[in-house]
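Working notes, beginning with the structure itself.
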Amino acid sequence: MLGTRLVLAQPTSQVVRAVFRATAHGAYEARVGGRVVSDAVLAPGWSAYEWRLQVQEYDVTRLMADTVDVEVLLGNGWWRGGLGFLGLNLDYGPSIGFVGELVVTYRDGATQVLVTGPQWSARRSQVVENSLYDGVRIDARPPVGEQLPVRVIDFDRSTLVAQTKPAITRHERLQPVRIWSSPSGKTLVDFGQNLVGWIRLRASGPAGTEITVRHAEVLEHGEPATRPLRGARATDTFVLSGGADVFEPTLTFHGFRYAEVSGFPGDLAAADLEAVVVHSDMRRTGTFECSNPLVNRLVENSVWGQKGNFLDLPTDCPQRDERLGWTGDIAVYAPAACYQFDCADVLHGWLLDLAVETGHSGYVPFVVPNVLKFAPAEVRAKTEPMLGPTAIWGDAAVWVPESLWWAYGDRDRLAAYYPAMVRHLEGAEARLSPSGLWDQGFQFGDWLDPAAPPDRPHQAKADSGVVATACLYRSASFAADAAHILGKSHDARRWRDLADRTREAFLKHYVHDDGTVHSDAQTVYALAIRFGLLDGELRQAAGDRLAALVEEGGYRVATGFAGTPYVTWALAETGHIDDAYRLLLQEQCPSWLYAVTMDATTVWERWDSLLPDGTVNPGEMTSFNHYALGAVVDWLYKTVAGIRPAEPGYARVLLRPTPGPGLDWARGALDTPHGRVECGWRRQDAGFDVEIVVPEGIEADVVLPDGTRRTVTGGACTFRSAATSR
C-alpha cells in the first residue's frame, strides 16, 4: 500500500477541477480521501507493456477536501503474474511499481500538482499474497503491516499511452442457488452459472480464523474438479479480524461456478457470500431467441463466454494457468463478439498491441500480448521451429479488423490495423511452396477436431495445407479490399494478385473435377465454400459432398476451430439448409447442444470436455469456458434471424431470415451504429410471418424465405411469406 497526503493550497471551494492520472507495473486501486477514484478494477489491465503502458485518468473533483490522503493498493497483476502454462512463470519484471499524479486546478487558474516520488510512504496491506492464477490471502487483523521502503526507479516514459480500452468493472452479482455437503464432507456452493470474477464473503468469528475458498468450473464424482486448472491454485484465504469482516479479493480473478468453502465459523448461509462478475465494460448490443430452449441456452453460453474471456483482452480461458490472448480464438469468434456486445474499443486496444508485437517479432504471435517470448531459453529452443506466420492464429491480424469494419465501419481504425495485415501476408507469402500453396511450416490446422486424440489436438482430418491456403485466400482478399478503401491502389492490386494466385493454386492442387477437396473432411469444404474459393458447379458439388459427409456422420459435428464457424454457413449457402439445422439441433456428442444437455452454462474448449458419464475429459487442455467453438452463434444471428450488414457499420442492412426444420420461430435484435434493427419469423399455416424493424433513414434489403425481395427505409413492417424456396 502506497500513500501520501495533500494539503490544498487554497480552500476546497476554490477547486474547479481535480484530475488523478495513474498507471502501474502491476495492478492498482487508488483512493483519494478514503474513497475509490473509480469503479475500475485490475487497472491498468494488460497490454504490450514494453511499448504500450496505458494511463488512466479520473476526475476526482468530488473527492477533494482541505486535506486529502492519497492511497494506492498495488498488486502483481499481469506484470509479475507468473503467467503461462506448464509452470513457465513468465514475468515482465521482478518488481512492481506505480506512477501517478494529482493535478488540482483553482478558480484563479493556479494549479497544484502531487506526483509520485520519495515523499510517498509504503506499508504492507491486508492483502499479504496475491496472484491471478493462485488467488489472494487477506489478513484483516490489525495492525495492517510494517512500513516498507519506497524506491524510485526509472522507466521508459515513452511507453505511456492514453487508455484506449474500457475499464474492467464489476457487473452482475449472483447469489448461491445451492449450498450442501459433498460426499467427502466439504461445504460446496453452486452459483448456477460458470462466471469470471470472485466471491465477496462476509464473516464474523474469532480473530485469526482462516476461511479458504477454492474455485472450480464443474464437479466430478460430487467433488470440485480441479485437475483442469492445472497449476492454478484458484484459492482465496481470508483471515478474520475478530469483528464483522467483508472480504473482496479484487487483485485476482477466477473462472468458476462452484466454490468449496472451508473454515467458515458456523453454518454457511446464502447471505454470507455472493459471486461478483467482472469483465471489460461492454454494452450488450445483440440478442437472439427462438422456439428451442436448448438453442437459447447455447446463445447465452456464448454470451457468458464472451463476458468471461473479455477481461481487458480476448483470452482463451479464464480459469487455468493460461488466460492468454490467443489469436486463433478471437480470429474465428470476432463476428459473433461484435454482435453480442459493443466490443469495438476492447478489440481496438488489443489490435494496437497485436500491431506492436507483430512489428517486433516479424509475425503475428500466437498470443497477444506476447508473454511467451519470456520463456526460458531451453523452452524457446524447443519451440523455435513452430514460430512464424500461421493460418487462423496469424490471420487474426486480418479477420478481426474485417469483423470490426463490417460491424462499425470505422475507416481510421481500419488504417491503424492495416500495417499488421501487411506483415502477416508478407510473412505467409514468404512461406509458400513453389506450387503456391501454404503447405510448409507449422500449423495448428483444424485444432480440436473431435476425432483427434485427447493428447494430440492438432491431428485433424482436414489437411493443414488445405486449411492454411484457404485462409490465405480469405486474408489476401480482404486486405485488397482494405487497401482499396484506404486509397492504397498499388497495395490493392498486390493483394488481389496474391489472392488470385492462391485461389488458382488451391483449385489446381486441392480440388478435383468432381468438386471433392483434398482430405475430404467437413472443414475443407466449409472453408472452400464460405471463403469463396469455388464457383458454379464446383461449388455446388462441394456443398453436396459436405451435406453427404454431415449425413454420414449422423449430423454430429466433425470440425474443429477452423471449420466450426463456417460449416452451417457452407451448408445453407449451397441449398442444404435442412442439413444445417439438423447439425445445429443435434444433441448427441459431439454437437453444440450436447454441452447444453450436460448443464453447461458457457461454451467448452472441447466438444466433450465433460464425458457422457460425467467425468472430465482426460486431455491436458480441458476448459469449460472457451468461446471459439461457439462461433456458430454468428450463423444464428445472421442467417436464422437474418440480420446482416449490407454496408460497413450497418449503413445499409440486409435482412434475410432463413427458417428451417426444428424451429417454429426465431428473432434477433441488434443495436447498430445507426439504430436498432430487428428481424424475426414465425411459422403460420403453410408459410411464415416476418417482422422487421429498421432505423429511420436506413435502407434495408429484405429477402423473405420464399425469395421475394423488398426494400424498406426505416420503420416497422410485417410480411407474409410462402414456404421456404429451394
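A few remarks follow.
- Filtered residue count, the stretch 325-354, keeping only those that are assigned to a helix (DSSP H, G or I) and closer than 21 Å to Q56 by Cβ: 10
- Residues of the stretch 194-203 satisfying the condition of being touching a Lys or Arg at 6+ places or on another chain (Cβ under 8 Å) and either in a loop (DSSP other than H, G, I, E, B) or surrounded by fewer than 18 Cβ atoms within 10 Å (Cβ to Cβ) (or both): R200
- Matching residues in the stretch 362-405 - criterion: being aliphatic (A, V, I, L, M) and either under 20 Å from the mean Cα position of the chain (by Cα) or within 22 Å of A483 (Cα to Cα) (or both): V364, V367, V368, V371, L372, A391, I392, A396, A397, V398, V400, L404
- Qualifying residue in the stretch 563-571 (condition: over 20 Å from Y637 (Cβ atoms) and in the same structural domain as D449 (by TED's automatic domain parsing)): no
- Checking the stated criteria, D449 turns out not to satisfy the condition of being at pLDDT 95 or above and surrounded by fewer than 22 Cβ atoms within 10 Å (Cβ to Cβ).
- Index of the failed condition, A48 passing every other in (1) at pLDDT 95 or above; (2) in contact with a strand residue (DSSP E or B) (Cβ under 9 Å, 6 or more places away or on another chain): (2)
- Of the residues screened, C338 is not one that is farther than 24 Å from R606 by Cα, in contact with a Ser or Thr (Cβ under 8 Å, 6 or more places away or on another chain) and hydrophobic (A, V, I, L, M, F, W, C).
- Cross-chain or 6+ apart pairs with Cβ under 8 Å, the stretch 608-624 first and on the phi > 0 side of the Ramachandran plot, then among the charged types (D, E, K, R): G614/E220
- Only residues that are without any contact (Cβ under 8 Å) to a residue 60 or more places away in the chain and among the polar types (S, T, N, Q) were counted in the stretch 341-366, giving 1.
- The stretch 419-436 residues that are in the same structural domain as A470 (by TED's automatic domain parsing), paired with ones that are at pLDDT 95 or above and basic (K, R) (beta carbon under 7 Å, 6 or more apart): G436/R501
- Any hit, the stretch 419-431, residues being of a type outside the set (F, W, Y) and outside any helix (DSSP H, G or I): yes
- Screening P434, P389, P401, P369 for residues that are more than 24 Å from F85 (Cα to Cα) and assigned to a loop (DSSP other than H, G, I, E, B) leaves exactly one candidate, P434.
- Restricting the search to strands (runs of 3 or more DSSP E) fully inside the stretch 142-189 and requiring at least 3 residues that are under 30 Å from Y49 (Cβ atoms) and within 29 Å of the chain's Cα centre (by Cα) gives 160-162, 168-174.
- All positions within the stretch 573-594 that are under 20 Å from L533 (Cα atoms) and not in a helix (DSSP H, G or I): T574, G575, H576
- Of all residue pairs spaced 6 or more apart or on separate chains, those with beta-carbon atoms under 9 Å, a first member in the stretch 243-258 that is closer than 22 Å to K186 by Cα and a second member that is small (G, A, S) and surrounded by fewer than 21 Cβ atoms within 10 Å (Cβ to Cβ) are F247/A140; R257/G192; Y258/A225.
- The set of residues in the stretch 278-298 being closer than 15 Å to T601 by Cα and buried (at least 22 other Cβ atoms within 10 Å of the Cβ) consists of V295, L298.
- Condition met for A600 (at pLDDT 95 or above, of a type outside the set (D, E) and not in a loop (DSSP other than H, G, I, E, B)): no
- Residues of the stretch 235-265 satisfying the condition of being over 29 Å from the mean Cα position of the chain (by Cα) and among the charged types (D, E, K, R): D245
- Residue within the stretch 371-386 that is crowded, with 19+ Cβ neighbours inside 10 Å, hydrophobic (A, V, I, L, M, F, W, C) and at negative phi present: yes
- Qualifying position, being in contact with a Ser or Thr (Cβ under 8 Å, 6 or more places away or on another chain), under 24 Å from S291 (Cα atoms) and among the acidic types (D, E), among D634, D664: D664
- Pairs meeting the criteria (first residue in the stretch 553-572 and under 14 Å from V467 (Cβ atoms), second residue part of a loop (DSSP other than H, G, I, E, B) and among the polar types (S, T, N, Q), beta carbons under 6 Å, at least 6 apart or on different chains) are V567/T559.
For every residue, the table says whether it meets (1) closer than 28 Å to N309 by Cβ; (2) free of Cβ contacts under 8 Å to residues at least 60 places away in the same chain.
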residue	(1), (2)
L629	yes, no
V640	yes, no
R644	yes, yes
G649	yes, no
G662	no, no
R676	yes, yes
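- Listed by position, the strands (runs of 3 or more DSSP E) inside the stretch 204-253 whose residues that are modelled with pLDDT under 95 and surrounded by 17 or more Cβ atoms within 10 Å (Cβ to Cβ) number at least 2 form an empty set.
- Conditions (1) without any contact (Cβ under 8 Å) to a residue 60 or more places away in the chain; (2) assigned to a strand (DSSP E or B); (3) charged (D, E, K, R); number of the one not met by R62: (2)
The values are calculated or read from the model by the stated rules, or taken from the named source; none is laboratory data. Bear in mind that the values here come from a model prediction, so they are computed numbers and not experimental data. So basically every Cβ, Gly included, is an ideal-geometry build from the backbone, and we count neighbours across all protein chains shown.
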